[in-house]
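Only one structure is covered here, and it is reproduced in the block below.
Derivation of every value follows stated rules applied to the coordinates shown; laboratory data play no part. Please read these numbers as outputs of a predicted model, since none were measured by experiment. So basically every Cβ, Gly included, is an ideal-geometry build from the backbone, and we count neighbours across all protein chains shown.
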Amino acid sequence: MAEIIDGKKISQEIKDEVKNKVEHLKEDGIEVTLAVILVGNDPASGVYVNNKKKACEYTGMRSVSYELAEDTKEEELLQLIDELNADNSVDGILVQLPLPKQINEDRVIRRISPDKDVDGFHPESVGRLSIGERGFVSCTPAGVIELLKRSNTVIDGKECVVIGRSNIVGKPMSMLLLRENGTVTICHSHTKDLREVTKRADILVVAIGKPMMIDASYVKEGATVIDVGIHRTGEGNKLCGDCDYASVSQVAGKITPVPGGVGPMTIAMLMVNTLQASLMHHGRV
Ligand code: GUN
């Protein structure tokens, strides 16, 4: 049976480390501040934003919250971002996605100052990651790296396979594994023989967005399997990932559960990024 990588415990450790640093900054009169913008009534986004605000409270950060109506015009949102970019009391800006259809997400992401881009979605942040410069990294893949490191999983020299090539997870995930000296392969919907590729992986990161798609037949004996997916299943509305946990955990060496694996890490890394933004803003790094 695979060892469980406990994302709940690891994310708690990270939040406590951040909390400690935030307290020290407070003693120097610096209040770490995250601006959180939610547009519209998407219930899942509402839950995520609330959890982000709660994490700010826990770590001692100030959060300033903007809840805009579903029919908000793109120009209004861009204007708010301009104001927050110019506001010296704000360290990080987070616009919860998805946005209502009248708003172009790309234009919104590009409008956030790269210095305050704690989600790491701005093309400048993405570019910095790919050329190995310091910058903000998308929270979910950054969280996966922390899960690997804090569970003593060696990345250097290992065969790493990422399934999924999204801008938020798959692509930055591959760049991060490469930065850690992994040998990285990215698979996607056009990959010819998926099983043949995933079977080579020492570290398999699954971010396909299809409930329970990956079973033991895709996994090498002893591999570390990170499941980024989260879905609600028909029966009893239970949560599941992109992996069939019962099956994969029979062959994997280590595995992340759903819930309690990657999920809690995303918010913990948002706290890390916001602290980083504040340190940079105040010339502390
Ligand atoms: N929607 C789903 N995931 C994310 C995320 O990581 N950040 C933001 N801003 N919106 C999201």
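Taking only Cα atoms, what is the 0 to 90° angle, nearest 10, from helix 7-27's long axis to the longest principal axis of the chain?
Value to nearest ten degrees: 20.
Between segment 213-285 and segment 97-151, what is the C-alpha centre distance in whole Å?
Taking the Cα centre of segment 97-151 as reference, the centre of segment 213-285 is 18 Å away.
Could you tell me which of rounded, prolate or oblate describes segment 139-203, using a ≥ b ≥ c as the square roots of the eigenvalues of the alpha-carbon gyration tensor, with rounded for a/c under 1.5 and, failing that, prolate when a/b is larger than b/c and oblate otherwise?
Oblate shape, in that a/c is at least 1.5 and b/c is the bigger or equal ratio.
Which FRET efficiency value, to the nearest 0.05, is calculated for residue 82 and residue 62 with the Förster distance at 22 angstrom and r the Cβ-Cβ distance?
E(calc), rounded to 0.05, equals 0.60.
Please identify which residues in segment 166-189 have an amide N closer than 19 Å to a label point set 7 Å out from the Cα of residue 196, following the Cα→Cβ vector.
Taking a point 7 Å out along Cα→Cβ of residue 196, the residues of segment 166-189 whose backbone N falls under 19 Å are 184-189.
State, in angstrom, two size descriptors of segment 104-237 derived from its alpha carbons: Rg to one decimal place and Dmax to the nearest whole number.
Cα-based Rg and Dmax for segment 104-237 come out at 15.6, 46 Å.
Give me the distance in nm between label points sitting 7 Å out from Cα along the Cα-to-Cβ direction at residue 97 and residue 280, one decimal.
1.8 nm
Which values of log₁₀ I(q)/I(0), to two decimal places, follow from the Debye formula for segment 95-160 at q = 0.14, 0.18, 0.21 Å⁻¹ with a uniform point scatterer at every Cα?
Ignoring solvent entirely, the Cα scatterers give -0.54, -0.77, -0.91.
Could you pull out the pairs from 8/101; 19/116; 15/149; 149/220 whose alpha carbons sit more than 24 Å apart here?
From 8/101; 19/116; 15/149; 149/220, over 24 Å: 8/101.
Once all Cα-Cα distances of the chain are split into 5 Å bins that start at 0, what whole-number percent is in each one?
Going from the shortest bin to the longest, the percentages are 1, 6, 12, 16, 18, 16, 13, 10, 6, 2, 0, 0.
Can you give the Rg to Rh ratio for segment 1-83, taking only C-alpha atoms and Rh from Kirkwood?
1.10
Is there a quick way to get the dipole size of segment 136-285? I mean about its Cα centre, with the Cβ of Lys and Arg at +1 and of Asp and Glu at -1; what is the value in debye to the nearest 20?
Once rounded to the nearest 20, the dipole reads 300 debye.
Could you work out the Rg to Rh ratio of segment 50-123, with Rh taken as the Kirkwood radius (inverse of the mean 1/r over all Cα pairs)?
Here the Rg-to-Rh quotient is 0.95.
Which value, in debye to the nearest 20, describes the size of the charge dipole of segment 161-219 about its Cα centre when Lys and Arg Cβ atoms bear +1, Asp and Glu Cβ atoms bear -1, and nothing else is charged?
Dipole of segment 161-219, to the nearest 20 debye: 160 debye.
What do you get for trypsin sites (Lys or Arg not before Pro) in segment 5-91 restricted to DSSP loop and a cutoff of at most 13 other Cβ within 10 Å of the site's Cβ?
Listed in order of number, the matching sites are 73.
Take every Cα pair under 8 Å in the chain that's 6+ residues apart, average their separations, divide by the length, and report that relative contact order as a whole percent.
22 percent
What is the dipole size for the chain, taken about its Cα centre, with +1 at each Lys and Arg Cβ and -1 at each Asp and Glu Cβ, in debye to the nearest 20?
Dipole magnitude for the chain comes out near 660 debye.
Using the Kirkwood formula on the Cα atoms of segment 187-285, what hydrodynamic radius do you get, in angstrom to one decimal?
15.0 Å
Percent of Cα-Cα pairs more than 23 Å apart in segment 7-163, please.
45 percent
Tell me which residues come under 5 Å, amide H to amide H, from residue 214 once H is placed; ignore anything under 5 positions away on its chain.
243, 244
When the Karplus curve 6.51 cos²θ - 1.76 cosθ + 1.60 is applied with θ = phi - 60°, which whole-Hz ³J(HN,Hα) does each residue of segment 97-111 get, with x for Gly and Pro?
9, x, 9, x, 5, 6, 10, 7, 4, 4, 5, 5, 4, 5, 6
Given the -39500 (n - 2.57) contribution per DSSP H run of 4+ residues, what per-residue ellipticity at 222 nm results for the chain, rounded to the nearest 500 deg cm²/dmol?
-12500 deg cm²/dmol
Between helix 170-179 and the chain, what is the angle of the helix's C-alpha long axis to the longest principal axis, kept within 0 to 90° and rounded to the nearest 10?
So the inclination is approximately 80 degrees.
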